[in-house]
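The values are calculated or read from the model by the stated rules, or taken from the named source; none is laboratory data. All values reported here derive from a predicted model rather than from experimental measurement. So basically every Cβ, Gly included, is an ideal-geometry build from the backbone, and we count neighbours across all protein chains shown. Just so you know, the surface numbers come from the protein's heavy atoms only, side chains and all, with ligands and any DNA or RNA stripped out. Shrake-Rupley method; radii C 1.70, N 1.55, O 1.52, S 1.80 Å.
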Amino acid sequence: MRKKILVADDSNTALMMERTLLAKSAYDVVVAKDGREAVRQAIEESPDLIILDVVMPHMDGFEACRELRRLEATRGIPVIMVTTRGGGDDMENGYEVGCNDYVTKPIHGPELLSKVRNLIGE
Amino acid sequence: MYTDEYVQDLQAENERLRTLVDSLKAESEAQVSNLASLYVAVTSVHGALDRPTVLSSVQEIVTNLIGSEEMAIFETDAAHGRLTLLASMGIEPGPYQEVTLGEGAIGRAAETGERLIRQEGGSLTEDGDAALTACIPLNVAGRVVGVLAVFRLLPHKGSLDAVDIDLFDVLAAHAASALLFTRLYAASDGSVGAPA
């Protein structure tokens, strides 16, 4: 059975890039355009993995991750956060709110796919 | 019966083939990623009919696929010998509202049609032209209709990769035609491209 990944980003370009890479690697992809929608989709779709951009409207990636960890239905789903910051506060905050791993923009396909495979397999 | 030596040879060969397969897979994944970047860039930039959305797509491509949050997009105003700023991000826009054709790296790129690319990225400590990573003339049918100026790369990005240069080529052609089309579309009151 194909694994399902929820990708949340307010950038159409980032969403299209992530969706293209993941779909080519035989994952099913659902998308959300902000943190609030990501939490709702996570509850409805029960994905195997969530990829959350840090900067999003309504609810940013940190808040969304905190909420996902609070909810019974979503707390066990691995989360990868995506940020334009290569170190420091973003990463620290991400791990504090419970993300499992990080990738930085610009999106580098092999790195993203390797981290996805580490968390949920092929 | 197989000798120990024969088994060891097979194991070594097996390991060599495994390494080869892994390296081919990695190479193929990198190629798919590069092609995906180019596909996404072309598709995004042509995904809208209005100018703000096209400009926003160009900014998203530079941020998400190339790796800079400092940029400016200009349009050529040949009648007045200048470039006018259409959109900017992460820079102080004041000094860039108007750039005289031929002046500075941006003005020269517009006048000559020759791109400037600094593989190692713009200076992280100096401003102005020194901070430029790339000046990309936006061309339609050999005419420079604008310039994309990309300043500092994100600190963790380090330097430009081969695919980034390909992305600049894509933007040089496709951002130019997409921007030109938005103008035609607006001038036609939305009738261009409407069903006959």
Discussion item. What FRET efficiency comes out for B:His46 versus B:Thr19 if R0 is 51 angstrom and r is the Cβ-Cβ distance? Round to the nearest 0.05.
Written reply: 0.75
Worksheet, complete the sentence: Connecting every pair of Cα atoms under 10 Å apart in chain A and solving the GNM, the largest mean-square fluctuation among A:Gly35, A:Gly88, A:Gly98 falls on A:Gly88
Worksheet item: GNM, chain A, Cα, under 10 Å: largest mean-square fluctuation among A:Ser11, A:Ser46, A:Ser25?
Response: A:Ser25
Item to complete: Could you run the numbers on buried accessible area between A and B, total for both chains, 1.4 angstrom probe, in Å² to the nearest 100?
Response: 1700
Response to the item:
Length gained, B:Ala186-B:Gln8, 0.36 nm per residue minus C-alpha separation, equals 56.8 nm
Worksheet item: Can you give the FRET efficiency for B:Asp77 and B:Ala173, using 1/(1 + (r/R0)^6), R0 = 25 Å, r = Cβ-Cβ distance, to the nearest 0.05?
Response: 0.75
Worksheet item: Along the charge dipole of the range B:1-90, Cβ charges K/R +1 and D/E -1, which of B:Ala36, B:Ser68, B:Ala12 sits furthest on the positive end?
Response: B:Ser68
Worksheet item: In chain B, carbon and sulfur make up what percent of the accessible area (probe 1.4 Å)?
Response: 54
Discussion item. Are there any GluC sites (Glu not before Pro) in the range B:109-150 that are in a DSSP loop and have at most 11 other Cβ atoms within 10 Å? List them by number.
Written reply: B:Glu114, B:Glu120, B:Glu126
Worksheet item: Going through the range B:1-43, which chymotrypsin sites (Phe, Trp or Tyr not before Pro) have at most 14 other Cβ atoms within 10 Å and a DSSP loop state?
Response: B:Tyr2
Discussion item. Averaging over every viewing direction, what projected area does the convex hull of the Cα atoms of chain B cover, in nm²?
Written reply: 17.3
Worksheet item: Name the residues of the range B:57-91 whose accessible area, probed at 1.4 Å, falls by at least 50 Å² once all protein chains are in place instead of their chain on its own?
Response: B:Glu60, B:Asn64
Fill in: 222 nm mean residue ellipticity, helices alone, for chain B (DSSP H n ≥ 4; -39,500 (n - 2.57); rounded to 500)
-15500 deg cm²/dmol
Worksheet item: If you average 1/r over all unlike Cα pairs in the range B:104-196 and invert the result, what Kirkwood radius do you get in angstrom?
Response: 14.5
Worksheet item: If you roll a 1.4 Å probe over the heavy atoms of the protein chains, what accessible area per residue do you get for the protein assembly as shown, in Å²?
Response: 49
Discussion item. Straight-line reach from A:Lys4: which lysines fall under 20 Å, measuring Cα to Cα and dropping same-chain residues less than 8 apart?
Written reply: A:Lys24, A:Lys33, A:Lys115
Fill in: Simple spin-label estimate for A:Ser114 and B:Glu92 in nanometres, 7 Å along Cα-Cβ
4.0
Item to complete: Find out how many positive minus negative residues lie around B:Gln11, taking Lys and Arg as positive, Asp and Glu as negative, among other residues whose Cβ is under 14 Å from that of B:Gln11.
Response: -3
Worksheet item: So what's the gap between the Cα centers of the range A:71-117 and the range B:108-161, to the nearest angstrom?
Response: 30
Fill in: Inter-site label distance for B:Ser28 and B:Thr84 at 7 Å from Cα along Cβ, in nm
5.2
Practice prompt. Take chain A, connect every pair of alpha-carbon atoms lying under 10 Å apart with a spring to form a Gaussian network, then pick out the residue of A:Met17, A:Met56, A:Met91 with the largest mean-square fluctuation.
Written response: A:Met17
